[in-house]
Amino acid sequence: MLKNNYKTALVTGASSGIGEATVRLLSKNNITVYALARRKTKIDKIVKETGCKPIIMDIRDTKSLEKLKKLKVDIFINNAGLGRGFTKIFSTKAKDIDTTIDTNVNAFLQLLRCITPSMVKKKNGTYN
């Protein structure tokens, strides 16, 4: 059981793995969860089972992220990430490096820019 006064959360990468488990845990603890995922088909089952609120978007799409500014969340968990084509750096394609940086770094910073102002305003919240 989670002990805090948090009521809402945004979880990215919510359609599988750690993100899905996080959505389930938070939902079980009566936290309203916004579950962000790229593919609707992958998140539908989780929505049905947990009652979470789906947000379908690619976190690399900065314009789409702007829509998240209206969310007022207490918890932000950035679980989305990837590592594509990194078996040997000298043979890694430039496109794979760009995609990885866009997903793991740029998107995270853009998400923070959109999500944290409401946390700062109410002087409450946490993110990782």
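The values are calculated or read from the model by the stated rules, or taken from the named source; none is laboratory data. Treat the numbers as computed from the prediction; the structure is a model and nothing was measured. In this analysis, Cβ positions are derived from the backbone assuming ideal geometry, glycine residues included, and neighbour counts consider all displayed protein chains.
Hey, can you tell me all the residues within region 5-23 that are surrounded by 15 or more Cβ atoms within 10 Å (Cβ to Cβ), within 14 Å of the chain's Cα centre (by Cα) and either assigned to a helix (DSSP H, G or I) or not aliphatic (A, V, I, L, M) (or both)? Once the filter is applied, which keeps residues that are surrounded by 15 or more Cβ atoms within 10 Å (Cβ to Cβ), within 14 Å of the chain's Cα centre (by Cα) and either assigned to a helix (DSSP H, G or I) or not aliphatic (A, V, I, L, M) (or both), region 5-23 yields Thr8, Thr12, Gly13, Ser15, Gly19, Glu20, Thr22, Val23. All conditions in (1) out of contact with any Phe, Trp or Tyr (no Cβ under 6 Å at 6 or more places or on another chain); (2) closer than 17 Å to Thr8 by Cβ; (3) at pLDDT 90 or above hold for Ile115, with the sole exception of (1). Within region 75-121, the set of residues being in contact (Cβ under 8 Å) with a residue 40 or more places away in the chain, part of a helix (DSSP H, G or I) and of a type in the set (Gly, Ala, Ser) comprises Ala107, Ser118. Taking the conditions exactly as written (at pLDDT 95 or above and exposed (fewer than 14 other Cβ atoms within 10 Å of the Cβ)), does Gly83 satisfy them or not? When the stated conditions are applied, Gly83 does not pass them.
The residue that is modelled with the lowest pLDDT, counting only those in region 86-112 that are basic (Lys, Arg) and more than 22 Å from Gly13 (Cα to Cα), is Lys88.
Here region 75-112 is the region considered, the condition is being of a type in the set (A, V, I, L, M) and touching a helix residue (DSSP H, G or I) at 6+ places or on another chain (Cβ under 8 Å), and the residue that is nearest to Gly17 (Cα to Cα) is Ala80. Of the residues making up region 31-58, those that are under 25 Å from Asn104 (Cβ atoms), surrounded by fewer than 18 Cβ atoms within 10 Å (Cβ to Cβ) and over 14 Å from the mean Cα position of the chain (by Cα) are Lys40, Thr41, Lys42.
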